[in-house]
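Some notes on the structure that comes next.
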């Protein structure tokens, strides 16, 4: 067999370009698997380690105020291992270096370090000391973004009073791996920070002596009830203390984003490589079938010489295995490097104490095995065909290819108009069925990847436009710590530079329809409000009902409600009487589960004449006035949050544009490899099969470009057919992805403009042209005189 | 019969570099091909007849010496000019027909008419070779003789000045071979085409106006044949 290995080596070498095309596809497929698989493992392990380290809570309950003593029944619920009462408030930070007030989440931590639930990991400085009561630990990203360090002083508005706090350290916590300010979708550490206060100080400053407004809890591993059941029971037990919301870990914002990313990685780690390896197997199939046919006389001779079927089979299979092994190993190497880069990218998005890329031997072994399996599957058909031949028959040249009419010829009107060139193209496409199918499949996959990718990008921009340009139109949103009256609206309207002020009333409540329940909130807007404009599914503005609710489609779906139905609303404010209210309109939104109604109507529902919890502002554009506005805002009491829409949208867009650019780059690269590799391969095989035909055409006076145009048209037909199939496939893929990402927190719209389809088509053609240029080079270099004289 | 030269080879050498060995395929060959004649070149394998045909047909170029088509020196043609020359001037007939398997008889002929400036009617060309009944048949559905006739029709349809035939009867039985020869002779007499036929079969030389014998890359004899035999009377 030694000498056959020489033959093998030379053949591998002689088919260099073809193999390179296939290798590219395999390498990218394997690299996808390895990089996404590694990143999945990296994140999963980092998450598990971090959650263990910080003793991440399994649930949290948010309520108005509860004495710690009254929490005992919750702690004793079957399945509850441990609870931790905590004080949490939203507040604003006043930094001298920053003109506008920034937002803060204030949380209490034990005075002395204990391994409590949702513990912190100190990064710089240290934990609280006994030297001062007003010590604070700042979350590391905020400190870094605002140049704060241990030893600095920082001013926070706590319980309507401005307080000077001394920074003892910076820390991170597993609760804030993905740290989001309320109402946004990307972390913005410059404008939002978490501040940990001493428990004793927090109790003192918020008048929460021995009380809490948040309960964290951990469950035993085999709790007899589900988390949901336990939370429902806890809510019943704490009913008197005004429960706003109960959040299982699965719905905790940071955890949810992180888990979604990890879940996405897992599906992509399976899905993307599958596409590539399927294409690679098909393309390899084409190449080996060609090789086996080309070598039928060699095979016949080998058999005549006494080589067994097994030996010949093994010889051809080795060709595939060599390709699979090379692709697998190179893919592993590339995948490892990509995983390194992805992990670096994740380090900027997620905050972990330790997130490193590791080498996973099991994953690599799996990757190489998959690659080999794909290569073997790809090689089987061609190799088997050779074995079926009897030696004597195999040694005779192959009879001329069967000719005959193809289906398209029945359409005589069309067929008769085609030039001979086009007829050759169509016949060749139909006759080389396997090759054409491989080409169409590859193009379909490439186009689907492109189309769905472009649709995701469009969806993201649409979502940003919808949420932050069409739905929310204010420049600044102020949130107050308590309900306020008209005076607050007036006060806000009189701040310098304010053009328009509109009131907002937010009431947390539980919606109930039969046995469907959901915790959420209702937003009251004034009649004819212009700064929040709820919209329907076609993004058309809808009128906020004066009586009844305009409910987001997602919430209506969860509660099994339609427009016209009645829903029971249990408000957590005011008199807290359950109310029967009609659902008048269904609105659309891609974030959260907003419900809108008229502010006067909502005020009456909670037993007030007129109340507001926030004000939306439209500002004059004069920057000088903006400074005056910020200065006064910092002194305004009772403000617990300031959302600057412009800076929010900018930070979202900056983050998104960056990740979108990376995404586009990777996407186009992936699709390019699929298109380019498969087209190059199928054209070169086609060229090799038709050397004699090409030579004859040259003798007849056809130039190399004319011959190239035949092959180009053939590729173009396959690309066009594949792209036409791939586009709807991409659409369906996006619908599937949008469905899998459909959560209460965030949903992806399915939008496709002409841009998606045009870009997909243009890129498909571009890759085809690119591959064709290589084919043209091969045509120019082809020794056709030799091909002419070769006896097939 | 006209005697002005259509093509002229002057001291042509052709050397093939096969790895480190140089093989001299033509050695100082000078000859003429006259307008409107039926010329047969005979010689054993390796005598250089195919090489001459390739050079004359614009498929290959000479290593040394000069080649003239009418008064133009072909040795200085660019690749594009050679393509042009093959397209407009030469019709090729191969031993193994070289039809495009994917195309019917008619379409195989159209392959050459589509790139020609002054082609014959496709059906007429096929009628001339007696294949008016087989227009829509594919190569795999035709006998060798029929395939060769399609190839002749393809060469003819471009309306070339020069028909170059490389062992056109080599793959055919005697009877079919004679039919093909008859066709080629008729093309000369009826349409006035210049036909050059190369073969290792000396018997075929009897139908020629002139015979050039080759051996080891050299012309060993040029003989006029004032009374060519009709193909039907030739035996081999």
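Just one residue in the set A:665, A:676, A:670 is free of Cβ contacts under 8 Å to residues at least 12 places away in the same chain and more than 14 Å from every other protein chain (Cβ to nearest Cβ); that residue is A:665. Inclusion of residue A:512 among residues that are touching a residue at least 12 places away in the same chain (Cβ under 8 Å) and more than 22 Å from residue A:183 (Cβ to Cβ) is warranted. Is it true that some residue in the stretch A:251-272 is at pLDDT 90 or above and either over 19 Å from the mean Cα position of the chain (by Cα) or under 30 Å from residue A:437 (Cβ atoms) (or both)? No: the stretch A:251-272 contains no residue that is at pLDDT 90 or above and either over 19 Å from the mean Cα position of the chain (by Cα) or under 30 Å from residue A:437 (Cβ atoms) (or both). All told, residue B:171 falls short of being modelled with pLDDT under 90, exposed (fewer than 15 other Cβ atoms within 10 Å of the Cβ) and over 24 Å from residue B:14 (Cβ atoms). In the stretch A:754-792, the qualifying residues are those that are within 11 Å of chain B (Cβ to nearest Cβ) and surrounded by 19 or more Cβ atoms within 10 Å (Cβ to Cβ), and the one that is modelled with the lowest pLDDT is A:788. When residue A:672 is tested against (1) crowded, with 23+ Cβ neighbours inside 10 Å; (2) within 33 Å of the chain's Cα centre (by Cα), just one condition goes unmet, and that condition is (1). Within the stretch A:555-577, the set of residues being modelled with pLDDT of 90 or more and surrounded by 19 or more Cβ atoms within 10 Å (Cβ to Cβ) comprises A:555, A:556, A:559, A:561, A:567, A:569. Residues in the stretch B:104-130 that are assigned to a loop (DSSP other than H, G, I, E, B), surrounded by fewer than 22 Cβ atoms within 10 Å (Cβ to Cβ) and either within 20 Å of the chain's Cα centre (by Cα) or more than 9 Å from chain A (Cβ to nearest Cβ) (or both): B:115, B:116, B:117, B:118, B:119, B:120, B:121, B:130.
Residues of the stretch A:209-233 that are in contact with a helix residue (DSSP H, G or I) (Cβ under 7 Å, 6 or more places away or on another chain) and more than 11 Å from residue A:79 (Cα to Cα): A:209, A:210, A:211, A:212, A:215. How many residues are out of contact with any helix residue (DSSP H, G or I) (no Cβ under 8 Å at 6 or more places or on another chain), assigned to a strand (DSSP E or B) and surrounded by 15 or more Cβ atoms within 10 Å (Cβ to Cβ) if we restrict to the stretch A:34-76? Number of matching residues: 2. Scanning the stretch A:386-404 for residues that are at pLDDT below 70 and part of a loop (DSSP other than H, G, I, E, B) turns up A:389, A:390, A:396, A:397, A:398, A:399, A:400, A:401, A:402, A:403, A:404.
Residue A:93 meets the stated requirement of being outside any helix (DSSP H, G or I) and surrounded by 23 or more Cβ atoms within 10 Å (Cβ to Cβ).
Listed by first and then second residue, the pairs with beta-carbon distance under 6 Å, at least 6 apart or on different chains, first residue in the stretch A:679-707 and at the interface with chain B (Cβ under 8 Å from one of its Cβ atoms) and buried (at least 21 other Cβ atoms within 10 Å of the Cβ), second at pLDDT below 85 and not in a helix (DSSP H, G or I), are A:693/B:100; A:696/B:98; A:701/B:115. Tell me whether the stretch B:137-153 contains one or more residues that are in a loop (DSSP other than H, G, I, E, B), in contact with a helix residue (DSSP H, G or I) (Cβ under 6 Å, 6 or more places away or on another chain) and either modelled with pLDDT under 90 or within 12 Å of chain A (Cβ to nearest Cβ) (or both). Taking every residue of the stretch B:137-153 in turn, at least one turns out to be in a loop (DSSP other than H, G, I, E, B), in contact with a helix residue (DSSP H, G or I) (Cβ under 6 Å, 6 or more places away or on another chain) and either modelled with pLDDT under 90 or within 12 Å of chain A (Cβ to nearest Cβ) (or both). Output yes when any residue across the stretch A:717-740 is surrounded by 18 or more Cβ atoms within 10 Å (Cβ to Cβ), more than 13 Å from chain B (Cβ to nearest Cβ), more than 33 Å from the chain's Cα centre (by Cα) and closer than 30 Å to residue B:58 by Cβ, and no when none is. No, because not a single residue in the stretch A:717-740 is surrounded by 18 or more Cβ atoms within 10 Å (Cβ to Cβ), more than 13 Å from chain B (Cβ to nearest Cβ), more than 33 Å from the chain's Cα centre (by Cα) and closer than 30 Å to residue B:58 by Cβ. Checking each residue in the stretch B:70-103 for being within 11 Å of chain A (Cβ to nearest Cβ), assigned to a loop (DSSP other than H, G, I, E, B) and without any contact (Cβ under 8 Å) to a residue 40 or more places away in the chain picks out B:100, B:101, B:102, B:103. Among the criteria (1) in contact with a helix residue (DSSP H, G or I) (Cβ under 6 Å, 6 or more places away or on another chain); (2) closer than 30 Å to residue A:73 by Cα; (3) modelled with pLDDT of 95 or more, the one residue A:159 does not fulfil is (3). Note on the stretch A:332-352: residues that are part of a helix (DSSP H, G or I) and in contact with a helix residue (DSSP H, G or I) (Cβ under 7 Å, 6 or more places away or on another chain) total 9. Restricting attention to the stretch B:176-192 and to residues that are more than 21 Å from residue B:146 (Cβ to Cβ) and touching a strand residue (DSSP E or B) at 6+ places or on another chain (Cβ under 9 Å), the residue that is surrounded by the fewest Cβ atoms within 10 Å (Cβ to Cβ) turns out to be B:189. Remark: residue A:476 falls outside the filter, which requires a residue to be more than 31 Å from the chain's Cα centre (by Cα) and either under 23 Å from residue A:628 (Cβ atoms) or crowded, with 18+ Cβ neighbours inside 10 Å (or both).
Selection of strands (runs of 3 or more DSSP E) fully inside the stretch B:5-56 by the criterion of at least 2 residues being modelled with pLDDT under 95 and surrounded by fewer than 17 Cβ atoms within 10 Å (Cβ to Cβ) returns B:5-18, B:21-34. Here B:67, B:12, B:56 are screened, and the one residue that is within 14 Å of chain A (Cβ to nearest Cβ) and in contact with a strand residue (DSSP E or B) (Cβ under 8 Å, 6 or more places away or on another chain) is B:56.
The values are calculated or read from the model by the stated rules, or taken from the named source; none is laboratory data. The model shown is predicted, which means the values in this text are computed figures rather than measured ones. As a convention, Cβ positions derive from the backbone with ideal geometry for all residues, glycine included, and neighbour counts pool all protein chains shown.
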